[in-house]
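Encoded as structure tokens, the structure appears first; notes follow it.
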Amino acid sequence: MIQVNSKKTPFTFDSIEPESGLRAALGMSRADIIGEVSACALRGRGGAGFPTGTKWNLAAAARVKPGGAKYVVCNADEGEPGTFKDRVLLAEHADMVFEGMTIGARAIGAPHGILYLRSEYVYLRPHLESVLARRRSENLLGKDIGGVAGFTFDIHIHMGAGAYVCGEETALIESLEGYRGEPRNRPPFPVDTGFQGQPTVVNNVETFAWVVCILSRSASWFKAIGTKTSTGYKLLSVSGDCREPGVYEVPLGISVAELLAKVGGEGAKAVQIGGASGHCVPASEFGRKIAFEDASTGGSIIVFGPGRDMLAVARNFMEFFVEESCGQCTPCRAGNTKLLEGVEMLERGECSMSYLQELLALGETMQLASKCGLGQSSPNAFVSIVKHFKDEIMGRTLAN
Amino acid sequence: MLVGQQQRLQEDIREIVAQHGHDRSALIPVLQELQKRHTTVSDFAMQVVADELGIHPAEVYGVTSFYAFLRQPTKGRFVFRLCRTISCELGGKSRVARQLENDLGIAFGETTGDGRFGLEWASCLGMCDQGPALLVNDRVYTRVTPEQVHQIIDECKSTFGAHARQAAHS
Ligand SMILES: Cc1cc2nc3c(=O)[nH]c(=O)nc-3n(C[C@H](O)[C@H](O)[C@H](O)COP(=O)(O)O)c2cc1C
Ligand code: SF4
Ligand code: FES
């Protein structure tokens, strides 16, 4: 019943022997597992690109508060507009995601795992529950996993309830605890004070799957792919004006132009990289690389064909942020509304250049003063569209 | 509400809480289950949930109103959620939206008079390569065209009857 048909290239995950990563991990010390994950320089696939080995090391070293235990959380909130690769992974490679979480549990010493699944994906839940049940019956979850005495770990699924901001890891934890999904101040970080105040690792769905491949193959295999600071392959969710939208596995460092050739999006006018919170890259910059050090993305790639109105694009993104801001801090709550009003003025052809400059300055303030990544990145799309498409958006008449 | 109905709701909530536990972290799962069974979370229900979990009703209201899938202003048996985010917009969601309004006879944010259908906007549903995307309760429809809207509504109608409640949520 779950129609995936989104996969456009083979995935490395298809060719990895089931449980080979976990088997390797069970024969290794905690420090060695984390050593491998650090050595390959894997960076989180959820967007921010934080080094996974470093995160696990911090959680492994963190002290448990009395009466509790550590947690491994898989972030399956996938709310960034234009992203759907985690949905494909959960539908087709759920075992590998759970296997990766189990390796993480082994590495940091956590008995509890939680999959935070966005409510929009509730139709995946029966499938995921059945995979978990099978893993329990195969002793891949539960007590003395794989015959290793004392290694106990289980995973349960917790549903989201429709809030983009809950993808932010501290908001996700608030939501898990039964509160409004309002991001926390950081520090303290979840690796130290996470779910129920305990050391918690939060990683993206895809990150866990790559960990399995790395332990199954090797850190040096992974490190040889990609660029120096963005190693390995990445899943990209491609949508918009192209002939073959879907999920592609590519080495990081691929240029926008190369990607467009693969997906049938040649002739595009612009590409939004990183979703609503990402940047709009115009055709003149299609030589740029998709990598953490250049055009960075958690996976979202949206192609705009030659006929598209970039102001309409900016409006759609600003409406998204006005809807999804949690409202906790002023730069984000008020700023996004102001930027949307600015888009409406531009639509009516009523925005002076000096007011546009004020809006750009407001965007800068939001980037600096907002409490969490949502407000810090929400002006990006607007600012980059204004920067690259001024001649298209200024001086409109209503007839446009 | 009749006393009998209130009592039944109360018993239902106690049963749900017994399943999920009295911990604060059970609050959202409890509200979700409650909504699934009763299509809405009423003020009275929030009060009972608060008592059961030992928290203030304002806390329950605060949480309910925060989450799009809990606060839903519409209360239909079948809630239609059309994605309004960018890729579905590029894919032609506006015409699907118009046709939904025409065929359901309501605007976004409203419920039909018979309480069967609610119509809402949603943010990106993670089906961007196959938009316009529409979620009807737990079921996702992709590449929806204006002319298919009528058929989707009919599918919902045909699942009414003895097993309507289960069908609505399976
Ligand atoms: C507003 C906002 C939304 C986010 N949404 C997601 C999401 O849906 N999935 C995800 O994995 N990370 C999301 N993140 C990033 C998480 O906060 C966190 O960095 C990530 O889950 C860490 O996992 P990784 O290191 O494996 O990428 C979001 C961040 C922000 C600020
Ligand atoms: S930046 Fe926006 S989403 Fe983040 S805490 Fe502030 S108001 Fe909430
Ligand atoms: S933009 Fe509609 S499903 Fe993603």
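The values are calculated or read from the model by the stated rules, or taken from the named source; none is laboratory data. Note that this is a predicted model, so its numbers are computed, not measured. FYI the Cβ positions are ideal-geometry reconstructions off the backbone, even for glycines, and counts take in every protein chain you see. Ligands, DNA and RNA are excluded from the accessible area calculation, which covers all protein heavy atoms including side chains. Shrake-Rupley method; radii C 1.70, N 1.55, O 1.52, S 1.80 Å.
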Name the residue, out of A:350, A:364, A:392, that is open to solvent by 60 Å² or more (accessible area, probe 1.4 Å), part of a helix (DSSP H, G or I), away from ligand 3 (no atom under 16 Å from the Cβ) and among the acidic types (Asp, Glu). A:364
With the condition kept exactly as written, say whether any residue in the range A:6-22 is open to solvent by 10 Å² or more (accessible area, probe 1.4 Å), farther than 21 Å from residue A:139 by Cβ, within 14 Å of chain B (Cβ to nearest Cβ) and within 16 Å of ligand 2 (Cβ to nearest atom). no
Among the residues in the range A:40-58, are any in the same structural domain as residue A:110 (by TED's automatic domain parsing), within 18 Å of residue A:222 (Cα to Cα), within 11 Å of ligand 1 (Cβ to nearest atom) and of a type in the set (Val, Ile, Thr)? yes
For the range A:312-324, pairs from a residue that is more than 8 Å from chain B (Cβ to nearest Cβ) to a residue that is part of a helix (DSSP H, G or I) and open to solvent by 10 Å² or more (accessible area, probe 1.4 Å), with Cβ under 7 Å and 6 or more apart or across chains, are A:318/A:340; A:322/A:337; A:322/A:340
Qualifying strands (runs of 3 or more DSSP E) (wholly inside the range A:224-288; at least 2 residues being surrounded by fewer than 24 Cβ atoms within 10 Å (Cβ to Cβ) and modelled with pLDDT of 95 or more): A:246-251, A:279-282
Of residues in the range A:176-190 being open to solvent by less than 10 Å² (accessible area, probe 1.4 Å) and either within 12 Å of ligand 1 (Cβ to nearest atom) or modelled with pLDDT under 95 (or both), the one nearest to the other protein chains (Cβ to nearest Cβ): A:181
Test for residue A:299: is it closer than 28 Å to residue B:129 by Cβ, crowded, with 17+ Cβ neighbours inside 10 Å and within 16 Å of ligand 3 (Cβ to nearest atom): yes
Extreme residue, surrounded by the fewest Cβ atoms within 10 Å (Cβ to Cβ), among residues of the range B:82-123 that are more than 10 Å from chain A (Cβ to nearest Cβ) and among the polar types (S, T, N, Q): B:102
Select from the range B:70-122 the residues that are of a type in the set (Lys, Arg) and free of Cβ contacts under 8 Å to residues at least 12 places away in the same chain and list them in ascending order. B:71
Residues located in the range B:1-44, provided they are within 14 Å of another protein chain (Cβ to nearest Cβ) and open to solvent by 60 Å² or more (accessible area, probe 1.4 Å): B:19, B:20, B:22, B:23, B:36
Which residue, of A:338, A:371, A:387, is charged (D, E, K, R), surrounded by fewer than 21 Cβ atoms within 10 Å (Cβ to Cβ), more than 11 Å from chain B (Cβ to nearest Cβ) and within 14 Å of ligand 1 (Cβ to nearest atom)? A:371
